[in-house]
Amino acid sequence: MNNYDVIIVGAGPAGLLAAGRAAELGSKVLVLEKMRNEGRKLLITGKGRCNITNNAEIQEFITHVFPNGKFLRNAFSQFFSKDIIELLEKFGVDVTLERGGRYFPTSNKSVDILRALLKWVNELGVEIFTGQRVEKLLVENDKIKGVRANGKVFISEKVILATGGKSYPATGSTGDGYELAKQLGHKIENPIPALVPVETKGSVAQKLQGLNLKNVKAVVWVNGKKAGEAFGEMIFTHFGLSGPIILTLSRIMVKALQNDQKVEITVDLKPALDEQKLDRRLQRDLNEHGKKQLVNIFRNWLPSSMIPVFIELLELDPDKVCHQVSGKERKQIRHLMKNLRFEVSHNRSFKEAIITSGGILTNEIRPKTMESKIVSGLYFAGEIIDLDAETGGYNLQIAYSTGWLAGNSLAESN
């Protein structure tokens, strides 16, 4: 009764794609999920909107994946963005393409994605047991034989680990899969938070809390050397910095912080203007409004909530009239607009990380099948693998593609 062709551990997007594909090919499939409901983490992705995938071509897509995006070439060539969209549309989900090549459900509800995937697997006869914590993978002579969950044994010679990473642990991603794989001899790249906000020293970020900046450039400096940059949107918080470009740069910052290196971020508020053009603009505005107070002319240059903070940092007299601003003071204003600097003290925890960096080493997984090179019949899919990507729908596509490929491979080998 507890014998299955395929057992999948984890009912997130990777696990559901694996289950659906294996069932399509005629396998008797069981999914074991330790939480009470499937797809808990999927529901909160994209702030509840679910950034389904991205329309970048495979070659471009791979450049957004770390540390070894090329590992996914085969998975992407077999199941990619157009395929997941086609599948979701078949089950009633309308999708909309937004800026940055990002696809969202037109309804802006991630629950629609989960419902569509569950409808697909249910129609194919996949059994899903929730509230089932897998305690052990059963192995004989380096071959998988089944799993033990909640003290009960389920028999199968094909098992897929799709347990996720460690980010958002309240959704069930608590690193269980790493321990299960480690027990069988797999090496784990130390999991660290990725796509995570950062804390900064001083009070400047806190004073700007809630301010959302668009079209700015952030540069990360590690021990005084430029380590990365990103252009786009960011937000100030009560603890420091967040928003898309900060999350993208966080992988550099987290690793540097772990190595006790000094990490700083400079924000260029006027990236479209070089130093000379910006200086000419400042000079022109100061001349045109010579009798106005400096605090009033700043409204032409910065968001209003930023003005008092800027003036304080520059130690300027806000009541000074514009024609009294010296060349030295103008230079200081220009420099701060191009180099608003923050020292990063910490990264936020896994509770706030969108994704996990680290996991099962890719050199221990066969890229054409997602099967373990160490244990026959064991496969991996999704965030448990040492692959993570930037924001923009890339991470979910990794889950779909690796899940589909694992389900396809083991079903074909039955």
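Considering segment 332-359, the residues that are part of a helix (DSSP H, G or I) and in contact (Cβ under 8 Å) with a residue 60 or more places away in the chain include one that is surrounded by the most Cβ atoms within 10 Å (Cβ to Cβ), namely Phe350. Considering Leu25, Leu30, Leu43, the condition of being in contact with a strand residue (DSSP E or B) (Cβ under 8 Å, 6 or more places away or on another chain) and of a type outside the set (Phe, Trp, Tyr) is satisfied by Leu30 alone.
The one condition from (1) aliphatic (A, V, I, L, M); (2) more than 21 Å from Ser357 (Cβ to Cβ); (3) assigned to a loop (DSSP other than H, G, I, E, B) that Leu16 does not meet is (3). Summed over segment 93-115, the residues that are surrounded by fewer than 19 Cβ atoms within 10 Å (Cβ to Cβ), closer than 18 Å to Ala14 by Cβ and either touching a helix residue (DSSP H, G or I) at 6+ places or on another chain (Cβ under 7 Å) or among the β-branched types (Val, Ile, Thr) (or both) give a count of 0. Is at least one residue of segment 175-187 surrounded by fewer than 18 Cβ atoms within 10 Å (Cβ to Cβ), modelled with pLDDT of 95 or more, assigned by TED's automatic domain parsing to the domain that holds Lys136 and at positive phi? There is at least one residue in segment 175-187 that is surrounded by fewer than 18 Cβ atoms within 10 Å (Cβ to Cβ), modelled with pLDDT of 95 or more, assigned by TED's automatic domain parsing to the domain that holds Lys136 and at positive phi.
Could you list, in sequence order, the residues of segment 400-414 that are within 27 Å of the chain's Cα centre (by Cα) and surrounded by 24 or more Cβ atoms within 10 Å (Cβ to Cβ)? Across segment 400-414, the qualifying residues are Tyr400, Ser401, Thr402, Gly403, Trp404, Leu405, Ala406, Gly407. Residues of segment 24-31 include at least one that is surrounded by 15 or more Cβ atoms within 10 Å (Cβ to Cβ), under 20 Å from Ala411 (Cβ atoms) and of a type in the set (Ser, Thr, Tyr).
Let's see how each residue does on (1) over 28 Å from Gln132 (Cα atoms); (2) among the polar types (S, T, N, Q):
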| position | (1), (2) |
| --- | --- |
| Gly26 | no, no |
| Glu38 | no, no |
| Cys50 | no, no |
| Asn68 | yes, yes |
| Ser81 | yes, yes |
| Pro105 | yes, no |
| Asn108 | yes, yes |
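Over 17 Å from Asp388 (Cα atoms), surrounded by 19 or more Cβ atoms within 10 Å (Cβ to Cβ) and touching a residue at least 60 places away in the same chain (Cβ under 8 Å) - does that describe any residue in segment 54-70? Checked segment 54-70: no residue is over 17 Å from Asp388 (Cα atoms), surrounded by 19 or more Cβ atoms within 10 Å (Cβ to Cβ) and touching a residue at least 60 places away in the same chain (Cβ under 8 Å). Residue under question is Thr106, and the condition is that it be in contact with a strand residue (DSSP E or B) (Cβ under 7 Å, 6 or more places away or on another chain), over 27 Å from Pro193 (Cβ atoms) and among the hydroxyl-bearing types (Ser, Thr, Tyr); does it hold? Answer is yes for this residue. Within segment 360-373, not a single residue is crowded, with 24+ Cβ neighbours inside 10 Å, at pLDDT 95 or above, in contact with a helix residue (DSSP H, G or I) (Cβ under 7 Å, 6 or more places away or on another chain) and in a helix (DSSP H, G or I). The residues of segment 190-226 that are outside any loop (DSSP other than H, G, I, E, B), farther than 25 Å from Met35 by Cα, in contact (Cβ under 8 Å) with a residue 12 or more places away in the chain and not hydrophobic (A, V, I, L, M, F, W, C), listed by number, are Glu199, Thr200, Gln206, Lys207, Asn212, Lys214, Asn215, Lys217.
Do we have Glu329 as without any contact (Cβ under 8 Å) to a residue 60 or more places away in the chain and more than 20 Å from Leu211 (Cα to Cα) here?
So Glu329 passes the test.
Taking the numbered list (1) closer than 17 Å to Leu269 by Cα; (2) under 29 Å from the mean Cα position of the chain (by Cα) in turn, Ser349 passes all entries but (1). Taken together, the residues in segment 311-326 that are assigned to a helix (DSSP H, G or I), free of Cβ contacts under 8 Å to residues at least 40 places away in the same chain and under 43 Å from the mean Cα position of the chain (by Cα) amount to 3. Looking only at residues in segment 291-308 that are surrounded by 13 or more Cβ atoms within 10 Å (Cβ to Cβ) and more than 18 Å from Val216 (Cα to Cα), the one that is farthest from the chain's Cα centre (by Cα) is Lys292.
The values are calculated or read from the model by the stated rules, or taken from the named source; none is laboratory data. Every value quoted in this text rests on a predicted model; they were computed, and no experiment measured them. Cβ: placed from backbone, ideal geometry, glycine included. Neighbour counts: every protein chain shown.
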